[in-house]
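Structure record follows, encoded as structure tokens.
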Amino acid sequence: MASDIVPIELGLTDGPVYTLWAPRWRDGEDEWEAFLGLDEDLYGFSSVAELVAFARSGKANDLDDHPAWEALTTLPAEAFVPRDDRRFDLISVPELAAEEPTPEVIAELEDTLEIVSLIGEVCELIDVTKFFNGNPVLGTVRIGTRNFEGREGAEMWHKVGQIISRKWDDVVDAIEGVVSTPEVDAAATATAQEELTAAAERAAALAVDDDDELDTDLDDLDDDLDTDDEADDADEDAAEDDEEFEEDDSFWGQVGIDPIKIITSTGEYYTLRCYLDDNPVFLGRKGKIFVFDSEGALARYLADDDDTDLSSVSTYDEVRVAATDGSLEIDVYDDNVYVLPGIGEDIADGPRRIDRDQLDLAVELLLDSADFAGDGSVRDALRPTTPLGFFVSYALDPQPRRLAPSGPFDNEAEAWRALEHDFEDRLTSK
């Protein structure tokens, strides 16, 4: 979905409803989190098609100001179908809490409690916030299976189940009390449903093709070697064609050097980076990374100066020539934009609140910069055997069967901020 506005399904008394959730995002110094709605209402639609029709309608809502809203309204209807891990059945929570505390059960309960808690905060539902604030034992669900092992663990799980059994109806009633469904255009809904049906048919056809291909492969096991060799050659040619099709034929793709944008607590900067034998090389010298506050400043430097480790790259002269004749354009792809502010605060809130893409990119940048400087301290700090490394590893890959890190996470947040500080010390403004 567009930049962290995601579709979700909420299972309520009268059946599932579909809405949109915007996880925490920042606008300048302000931090926000929101659901699709307006003022006191949380919008929920009985079908994905109605949700799509509303998003395309242009009607006012609380997500209008989100930086990704405009792009979201242009997405195909199938992009509004919630992923399986974003379907939250609120009605089944008491039954879930009465089951054995397997990793799968705990993970599902944790996810549902998390989304309900967020709805309570965003919609200012007193009954929901009282439920969580008044029952801190519910926080044990966030720590994974370790709290529910052995006799004491079984007692803890029983307490969680008792609390949910007594109070959950009030929580559901509070949420259903603010859910409303605005009118949507019937024709727009029908159009969206046609898109969804067509997308489902395409997916089913692809699944059948995959099954047919598997059956064919099994039937062909008795074919002679020549036939197999010919098929292998054809597959290799097709793979080569695919690779050629996906090749980046832009100027930067041809020279093998990437412009990157780095957003830190002190500002936004531009620089260059490439990889030589998988080793990162930045526009810089002796471990220091040269950064510029605009694309133009970077281009001017490239035209006038080559006192940098990157000048040893064979294609660097092509960059200098383009910068000198004025044809160079600094194009930064989305996966080369690194946003550091706020990660420390998110870590302090726990792995479930992390923007995984932002964290993954930030880890890449910190490791690359340290490798460029010949400094192994960042890799040491992010090893899974350290508290921060374990946290980061889990946050980037929170599989249900994995043991979750336990809070509070103040130490991990401080360790991350120290890495950020060290990274910023590597930057040299030009």
For the chain, take the longest principal axis of its alpha carbons; what is the angle in degrees between that and the long axis of helix 410-426, to the nearest 10 within 0 to 90? 20
Using a probe radius of 1.4 Å on heavy atoms only, what accessible surface per residue do you get for the stretch 1-202? Whole Å² is fine. 51
Within-9-Å neighbourhood charge of Arg352 [Cβ basis; K, R +1; D, E -1]: -2
Dimensions (Å) - the stretch 250-429, Cα atoms, principal axes, largest first: 56, 28, 26
How long, wide and thick is the stretch 1-202, going by the Cα atoms along their three principal axes, in whole angstroms, largest first? 57, 43, 28
Expected max-MSF residue from Ala68, Ala297, Ala205 in the GNM of the chain (alpha carbon, under 10 Å) is Ala205
Provide the solvent-accessible area of Tyr275, counting protein heavy atoms only and rolling a 1.4 Å probe, rounded to the nearest 10 Å². 100
Taking Cα atoms only, helix 295-304 is inclined relative to the longest principal axis of the chain by an angle, in degrees rounded to 10, of 20
Within the stretch 1-202, percent of DSSP bridges classed antiparallel, to nearest 5: 75
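Under a 1.4 angstrom probe, counting protein chains only, how are Val17, Val81 ranked by accessible area, largest first? Walk me through the numbers before you get to the answer.
Values: Val17 25, Val81 60 Å².
The ordering from most to least exposed comes out as Val81, Val17.
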Within the chain, longest stretch clear of exposed GluC sites (Glu not before Pro) (DSSP loop, no more than 16 other Cβ within 10 Å): 330-430
Counting only protein heavy atoms and leaving out ligands, DNA and RNA, the solvent-accessible surface of Arg83 at a 1.4 Å probe, in Å² to the nearest 10, equals 120
Given the rule -39500 (n - 2.57) for each run of at least 4 DSSP H residues, summed and divided by the residues of the chain, what is its mean residue ellipticity at 222 nm, to the nearest 500 deg cm²/dmol? -15500 deg cm²/dmol
Treating the angle as unsigned and between 0 and 90°, give the value, to the nearest 10°, between the Cα long axis of helix 316-325 and the longest Cα principal axis of the chain. 90
Can you send over the carbon and sulfur percentage of the accessible area for the chain, probe radius 1.4 Å, protein chains only? 46
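Counting only other residues whose beta carbon sits under 11 Å from that of Gly15, what net charge do I get with K and R as +1, D and E as -1?
My count for the surroundings of Gly15 gives -3.
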Relative intensity, log₁₀ I(q)/I(0), of the chain from a Debye sum that treats every alpha carbon as a point, q = 0.10, 0.12 Å⁻¹: -0.95, -1.19
Keeping every protein chain in place, order Asp4, Asp325 by accessible area at 1.4 Å, biggest value first, i.e. largest first. Asp325, Asp4
Net charge within 11 Å of Asp185 by Cβ-Cβ distance, Lys/Arg positive one each and Asp/Glu negative one each, not counting Asp185 itself? 0
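The values are calculated or read from the model by the stated rules, or taken from the named source; none is laboratory data. Please read all numbers here as calculations on a predicted model, not as lab measurements. All Cβ positions, even for glycine, are placed from backbone atoms using ideal geometry, and neighbour counts span all protein chains on display. The accessibility values were calculated without ligands, DNA or RNA, using every heavy atom of the protein model including side chains. Shrake-Rupley method; radii C 1.70, N 1.55, O 1.52, S 1.80 Å.
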